[in-house]
1. Once the other residues with Cβ under 12 Å from the Cβ of residue 69 are scored (Lys, Arg +1; Asp, Glu -1), what is the net sum?
2. Restricting to DSSP loop positions (anything but H, G, I, E, B) with no more than 13 other Cβ atoms inside 10 Å of their own Cβ, which trypsin sites (Lys or Arg not before Pro) remain in region 15-56?
3. With θ set to phi - 60°, apply the Karplus curve 6.51 cos²θ - 1.76 cosθ + 1.60 along region 2-13 and write out the HN-Hα couplings as whole Hz, x wherever there is a Gly or Pro.
4. How big is the equivalent ellipsoid of the chain along its three axes, where each semi-axis is √(5λ) from the Cα gyration tensor, reported in whole Å from largest to smallest?
5. Could you tell me which residue out of 7, 48, 29 lies farthest along the dipole of the chain toward its positive end? Charges go on the beta carbon: Lys and Arg +1, Asp and Glu -1, centred on the Cα centre.
6. List the trypsin sites (Lys or Arg not before Pro) within region 66-123 that fall in a DSSP loop (any state other than H, G, I, E or B) and whose Cβ has at most 12 other Cβ atoms within 10 Å.
7. Just report the Cα centroid separation between region 93-123 and region 18-50, whole Å.
8. Using DSSP to define loop residues, name the chymotrypsin sites (Phe, Trp or Tyr not before Pro) in region 38-109 whose beta-carbon has at most 14 other beta-carbon atoms within 10 Å.
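The values are calculated or read from the model by the stated rules, or taken from the named source; none is laboratory data. Small disclaimer: the values here were computed from a predicted structure and weren't measured. Here Cβ is always computed from backbone atoms with ideal geometry, including for glycine, and neighbour counts include all displayed protein chains. Ligands, DNA and RNA are stripped out before the accessible areas are found, and what is left, the full protein with its side chains, is counted by its heavy atoms. Shrake-Rupley method; radii C 1.70, N 1.55, O 1.52, S 1.80 Å.
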Amino acid sequence: QVQLVESGGGYVQTGGSLRLSCAASGDMFSAYYMAWFRQAPGKEREFVATITPRGLSTFYADSVKGRFTIDRDNAKNTVSLRMNNMNFEDSAVYYCAARYDGNYDDVTSYTYWGQGTQVTVSS
């Protein structure tokens, strides 16, 4: 089993930056694909970014590509999401997720989820 806890959410102005962190506990963290999803009120949970088990490859949603960066530190069992040049559309609850296999952008492929952390972008 893997337990995930997100942190770092809060308020940020348009154009600003924020860094989210996900701390994992459990067995074989380095064997899991990790990802960030987000969900705004009234909308479905959507894929944001993912990183392969050894951190060698990353993939991003078109809406955040070039602005967000996902990274992981397997020695510390952490995954981060650096968000730059943020706008109002980035406001959502952000979730950390882990999967062993499946499709990287499919919410049903992920076995473990954190509790979420709120991100609010204001003008």
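1. Cβ neighbours under 12 Å give a net charge of +4.
2. Counting only loop positions with at most 13 other Cβ atoms within 10 Å, the trypsin sites (Lys or Arg not before Pro) in region 15-56 are 43, 54.
3. 10, 10, 10, 10, 8, 7, x, x, x, 9, 8, 7
4. That gives 23, 14, 13 Å for the three semi-axes.
5. 7
6. Counting only loop positions with at most 12 other Cβ atoms within 10 Å, the trypsin sites (Lys or Arg not before Pro) in region 66-123 are 76.
7. Computed from Cα coordinates, the inter-centre distance equals 4 Å.
8. When the chymotrypsin sites (Phe, Trp or Tyr not before Pro) of region 38-109 are filtered for loop state and at most 14 Cβ neighbours within 10 Å, 100 remain.
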